[in-house]
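Please read the structure below before turning to the comments.
The values are calculated or read from the model by the stated rules, or taken from the named source; none is laboratory data. From a predicted model like this one, the values you see are computed outputs, not experimental measurements. Cβ placement follows ideal geometry from the backbone for every residue including glycine, while neighbour counts extend to all protein chains displayed. Calculation scope for accessible area: heavy atoms of the full protein, side chains included, ligands and nucleic acids excluded. Shrake-Rupley method; radii C 1.70, N 1.55, O 1.52, S 1.80 Å.
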Amino acid sequence: GRLNADNARFLLLAVLIVLYMLCGAAVFSAIELPTEREAKERWEERLENFTRRHNLSRAELRHFLREYEAASVAGIRVDDIRPRWDFTGAFYFVGTVVSTIGFGMTTPATVGGKIFLIFYGLIGCAGTILFFNLFLERLITVIAYVMKSCHERQLRRKGVLPHNGRRGSGTSEVDSLAGWKPSVYYVMLILCVASLIISCCASAMYTPIEGWSYFDSLYFCFVAFSTIGFGDLVSSQNIKYESQGLYRFGNFVFILMGVCCIYSLFNVISIVIKQSINWILKKLDCRCCHRCQRKFFHSRRNVVMPGNVRSRKNISIETDVVNESDTDGRRLSGEMISMKDFLASNKVSLAIMQKQLSETANGYPRQMSSNSKQNGFSGGVGALAIMNNRLAETSVDR
């Protein structure tokens, strides 16, 4: 059933993520651990030489270094940097909070600041995630419109689609074009190119102004745009820059555009990962589970089989996607997110777009049925699942 398919998909994804983390840990440990050991040996040697030269005890020096670490956490550095908690510094901090980047170079030190951060971040992060979702809707709408226009031009050049838009010999082609949507892989490629262009342009700005290498600037862009936010490299931290106002504005715009593009790219990639998991489950279920079920039911001849048990041969990736509507999520969403105005003003909606993305990832169109008409919008993944379920309700109402 649907519950068993969801559980199997969840377990398989959890196992793959754990394996992915184990492989990543092994690679990073092999790459970074030798450098860490060399740096520790050099530091111990310098510490020993310093204590001998100045006739200091090791304990006193370590106590002084601990005090410096505490000052560093509070924002004090050896080199002159701008105040962390003036208005511009605080604005930069709240930007990293609501965008979930969290560089960590600035953190509240007072109890009042920590308490306020909890409530401020709760509302701010939720609002920003909603903004990213709405941005993704409009971005996919624009991409679908542009690619559909290009596809229409190609059909007109080939003579399949009439130039005056009248229905003639190509009536079937015109009907099929009405529901045409681009492939998920094209959308993913476009988002990859857009993210790369923004990162390269931002790196060209950071390299001369911040004094980083171009590779470090690209590294900072990915860490910041993906909201990982290690904090080893942070932009706009010096006291003065050339064209300081223009640079801070450009820094804000690049981070905003980069986060939006990378967030959208993550959502589209998650669709591809989901379809890959469904394909793996289908291959695993084809033989093993079918044999086990036949043995089980043959051994219990007098058992009453439930009427809603589906034959395993009828289970496919597509039926799993169709039956994935989360009715509880639809009830909980209520009227909080109303998309009727958006659907009325846009010919190509995000929900229809994501439905087609799932179809093209599977390799064939959906088979329309009463169940699919109600759950046709249930292909959303990630943070867009509840919104897509709400779109399903609005679509059914219309």
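Can you pull out every residue in the range 185-232 that is open to solvent by less than 20 Å² (accessible area, probe 1.4 Å) and over 21 Å from residue 102 (Cβ atoms)?
187, 191, 203
Here is a yes/no grid of residues against (1) among the aliphatic types (A, V, I, L, M); (2) at pLDDT 85 or above; (3) closer than 30 Å to residue 266 by Cα:
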| residue | (1), (2), (3) |
| --- | --- |
| 152 | no, no, yes |
| 171 | no, no, no |
| 177 | yes, no, yes |
| 180 | no, no, yes |
| 191 | yes, yes, yes |
| 196 | yes, yes, yes |
| 215 | no, yes, yes |
| 236 | no, yes, yes |
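Checking residue 232 against (1) free of Cβ contacts under 8 Å to residues at least 24 places away in the same chain; (2) in a helix (DSSP H, G or I): exactly one of these is not met. Which one?
The failed condition is (2).
Out of 87, 131, 93, which single residue is open to solvent by less than 40 Å² (accessible area, probe 1.4 Å) and aromatic (Phe, Trp, Tyr)?
Numbers: 87 fails: open to solvent by less than 40 Å² (accessible area, probe 1.4 Å); 131 fails: open to solvent by less than 40 Å² (accessible area, probe 1.4 Å).
That would be 93, the only listed residue that is open to solvent by less than 40 Å² (accessible area, probe 1.4 Å) and aromatic (Phe, Trp, Tyr).
Run down 51, 106 and say which single residue is assigned to a helix (DSSP H, G or I) and either of a type in the set (S, T, N, Q) or surrounded by 10 or more Cβ atoms within 10 Å (Cβ to Cβ) (or both).
51
Within the set of pairs 6 or more residues apart or between chains, which connect a residue that is over 30 Å from residue 106 (Cβ atoms) inside the range 49-76 to a residue that is among the basic types (Lys, Arg) with Cβ atoms less than 8 Å apart?
51/58
Restricting attention to the range 115-159, which residues are among the basic types (Lys, Arg) and over 17 Å from residue 257 (Cβ atoms)?
Of everything in the range 115-159, those that are among the basic types (Lys, Arg) and over 17 Å from residue 257 (Cβ atoms) turn out to be 148, 153, 156, 157, 158.
Only one residue in 245, 250 is touching a residue at least 40 places away in the same chain (Cβ under 8 Å), open to solvent by less than 80 Å² (accessible area, probe 1.4 Å), part of a helix (DSSP H, G or I) and of a type in the set (Gly, Ala, Ser). Which one?
Only one candidate passes the filter, namely 250.
Which is assigned to a helix (DSSP H, G or I) and under 30 Å from the mean Cα position of the chain (by Cα), of 64, 91?
So the residue among 64, 91 that is assigned to a helix (DSSP H, G or I) and under 30 Å from the mean Cα position of the chain (by Cα) is 91.
Quick grid of which residues meet (1) over 15 Å from residue 237 (Cα atoms); (2) touching a residue at least 40 places away in the same chain (Cβ under 8 Å):
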residue: 81; (1), (2): no, yes
residue: 88; (1), (2): no, yes
residue: 98; (1), (2): yes, no
residue: 101; (1), (2): yes, yes
residue: 114; (1), (2): yes, no
residue: 121; (1), (2): yes, no
